[in-house]
Amino acid sequence: MAPASFDGLRILSLESRRANEMAKLIRTFGGEPFVVPAMREVSLESNRLALDFVEKLIAGEFDLVVFLTGVGVRTLMKIVEDDEKREKFVAALKQTRVAARGPKPVAALKELGVPIAVVAPEPNTWRELVDALDKEFGAGLSGLRVAVQEYGTSNPDLLEVLNEKAASVTKVPVYQWALPEDLQPLREAVLSVSSGGIDVVLFTTGIQVVHLFEIAEQMDSVDALRAGLRSVVVASIGPTTTEALSEFGVRPDFEPSHPKMGFLVNEAAQLSGKLVEEKKNKNARSMSARQAGLRVAVSRSAGSLEAEKEAGVEEKATPIAPIDFLHEITSRIASADSFHKVLGRIVDFVTTVIPCDSCFIYVLEGDKLTLRASKNPHADVVDHLGIKLGQGITGWVAEHREPVVLASNASEDSRFKLFKNLPEDRFEAMLSMPILCASKAVGVINLQHRHSYQHTTNEVRLLSTIGYLVGAEVERARLENENAQLTGRLEARKAVERAKGILQRDMKVGEEEAYRMMQRESRQRRKSMLEIAEAILLGEEIRKGQMAAEQKPANGN
């Protein structure tokens, strides 16, 4: 067996309760964790059914109670608020046959001192539970009145089988699963999986699958998410989660030997390296078919029909029609969002249609390229990282207004420059495209790959087309920013002139002396000249207000 190490692979987990523990495990095994909680536990609006169950159990109306989760056991104890009734409830449980689906409800029941008649063996699914009940009770199950503690969502398969085998079955819901209050991390997870920004996805419960696809449906990205999951390594903690994945057309690459989080991460670390390579090789062989339609779309939008013949794709097989491509990219540019949001949308779009590990957009401001958008947010470098014109591959592309395409060994290129504060700067392949407006470079789009990657001619043309479309927006935003700065400077100058005039009047000094006084205050207080001017103007307004207030009574007399 290979050593247990992710070797820097990007691992997505949708764990909620044990998110911190999951992130720590992934780091321990050498992975880069992206832990995005996919659900939250919420109390039912009414605990009537749970309280009815407690009353009936105390009255001896159940012969068998099935607990599916440890949280369910503890939640029931919280619902029973009266101490006396809680004691009666535990006593009734001790007198009733109890079954547990796995180790977590077993642990919770042992805390209460409740004996357990049946425990489902691994992998602890409802099927193992039913088999264990059959083995324990046999035909006698048909005479038992059964209560089943549900968790999050109902399990119709389990209930159907028990209804066929037992005298009666009563559902006992105690809590339910809801989507997280903040959905943005889940949306970003959908985009990352869809665009190939993740190497491995770990699923620890079926609800995570349901919620991930629910968010994808809201984003109109179900097909993209499904395709993304098929192109990365998917690990399922056990058969129940695998069933949930299968319902959405996703087949996991493996299940751990034991359905536990530690085993899942450990075995994923052992297997993922090989599986990722196999997936990439498979994707490389099948990518030409998917890209053929994209090549047709880009070629058509450029007015070329030769590429369509070379691609061998019929018109009906085109997944992105020219009008759809143009509408998608221009709608993102034309949105009323801020410039940063527009650039972020462009990054999302580019990484969706062209597979890559990272994408950066730099904007040329004077003689410096400033990083304005990134596939993976870097709050400490976005808007701060600057590259001089001509510096590194990015600077060379802006200076020469020519693209650079490197399939491998990008760091060995003579124009390469390493930026240590960018994690994604450790790459093997690169596509760098100038953003042009009126034949003038206004920025650069960089696509980077951690492994060797041969960009197709049409991928280069596609990014070039996007560069042309984005160029006008970048230039417009730059001009707007310059106008805003110019307006700000003019307003600041006006404020300084007015404040200077007030000092001249009040201090009986000349214009030059008034200006020097403001400069001294600016240096001593470490405030800008505008702030000093605004303070003087505010004082003037207060003085005028006081004078007006004093004059009113006088005028009234």
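Compute the length gained on full extension between residue 122 and residue 511: take 0.36 nm times their separation in residues and subtract their Cα-Cα distance, giving the result in nm to one decimal.
Once the chain is fully extended between residue 122 and residue 511, it gains 131.3 nm.
Based on alpha-carbon centroids, what's the gap between segment 59-95 and segment 136-176 in Å, whole number please?
Each part reduced to its Cα centre gives a spacing of 16 Å.
Once phi is turned into ³J(HN,Hα) by the Karplus curve 6.51 cos²θ - 1.76 cosθ + 1.60 with θ = phi - 60°, what whole-Hz value does each residue of segment 206-221 show in order, with x for glycine and proline?
x, 4, 4, 5, 4, 5, 4, 6, 5, 5, 4, 5, 4, 8, 6, 10
Would you mind getting me the FRET efficiency between residue 367 and residue 411? Use the beta-carbon distance for r and R0 = 25 Å, nearest 0.05.
Between residue 367 and residue 411 the formula returns 0.50.
Have a look at 14, 89, 142 and report the one farthest towards the positive end of the charge dipole of segment 1-156, computed about the Cα centre with Cβ charges (Lys/Arg +1, Asp/Glu -1).
Looking along the dipole axis, the top candidate is 14.
About its Cα centre, what dipole magnitude does segment 192-258 give when the only charges are +1 on Lys and Arg Cβ and -1 on Asp and Glu Cβ, stated in debye to the nearest 20?
Here the size comes out at about 140 debye.
Among residues other than residue 116 whose Cβ falls under 13 Å from its Cβ, what is the net charge (Lys/Arg +1, Asp/Glu -1)?
Surrounding charge for residue 116 is +3.
What number comes out for the charge environment of residue 12, summing +1 per Lys or Arg and -1 per Asp or Glu over other residues with Cβ under 12 Å away?
For residues surrounding residue 12, the net value is -3.
What is the ratio of the Cα radius of gyration of segment 117-246 to 2.2 N^0.38 Å, with N the residue count, to two decimals?
1.31
With all protein chains present, how much of the accessible area of segment 116-246 (probe radius 1.4 Å) comes from carbon and sulfur, to the nearest whole percent?
Looking at segment 116-246 in its full context, I get 47 percent from C and S.
For segment 198-228 and segment 488-544, compute the distance between their C-alpha centroids and round to whole Å.
Centre-to-centre distance over Cα atoms comes out at 59 Å.
Mind pulling the per residue volume of the convex hull built on the Cα atoms of segment 183-243? Å³ is fine.
Residue-normalised Cα hull volume stands at 74 Å³.
Counting Lys and Arg as +1 and Asp and Glu as -1, each charge on the Cβ, what is the dipole of segment 143-205 about the Cα centre in debye, to the nearest 20?
Charge dipole of segment 143-205: 300 debye, to the nearest 20.
Give me a comma-separated list of calculated 3J(HN,Hα) values for segment 133-142, in order, Karplus coefficients 6.51, -1.76, 1.60 applied at θ = phi - 60°, integers in Hz, x for any Gly or Pro.
5, 4, 5, 6, 10, x, 5, x, 4, 5
Once the dipole of segment 483-557 is set up with Lys and Arg at +1 and Asp and Glu at -1 on Cβ about the Cα centre, which of 522, 545, 535 lies farthest towards its positive end?
Of the listed residues, the answer is 522.
Compute the signed sum of charges (Lys and Arg +1, Asp and Glu -1) over the other residues within less than 11 Å, Cβ to Cβ, of residue 399.
Computed value for this residue: +1.
Which listed residue (228, 174, 242) has the Cα farthest towards the positive end of the charge dipole for segment 157-281, taking +1 on Lys and Arg C-beta and -1 on Asp and Glu C-beta about the Cα centre?
Final value for the positive-end residue is 242.
Going by amide H atoms built from the backbone, whose H comes under 5 Å of the H on residue 437, apart from near neighbours?
Answer set, sorted by chain and number: 442.
From the cross-link list 494/544; 279/388; 341/440, which pairs have alpha carbons spaced over 30 Å apart?
With Cα atoms farther than 30 Å apart: 279/388.
Roughly how many debye, to the nearest 20, is the charge dipole of segment 498-548 about its Cα centre, given +1 on each Lys and Arg Cβ, -1 on each Asp and Glu Cβ, and no other charges?
About 140 debye.
The values are calculated or read from the model by the stated rules, or taken from the named source; none is laboratory data. Everything numeric here is computed off the predicted structure, so don't read it as measured data. In this analysis, Cβ positions are derived from the backbone assuming ideal geometry, glycine residues included, and neighbour counts consider all displayed protein chains. Note: accessible area is taken over every heavy atom of the protein model, side chains too, but ligands, DNA and RNA are not part of it. Shrake-Rupley method; radii C 1.70, N 1.55, O 1.52, S 1.80 Å.
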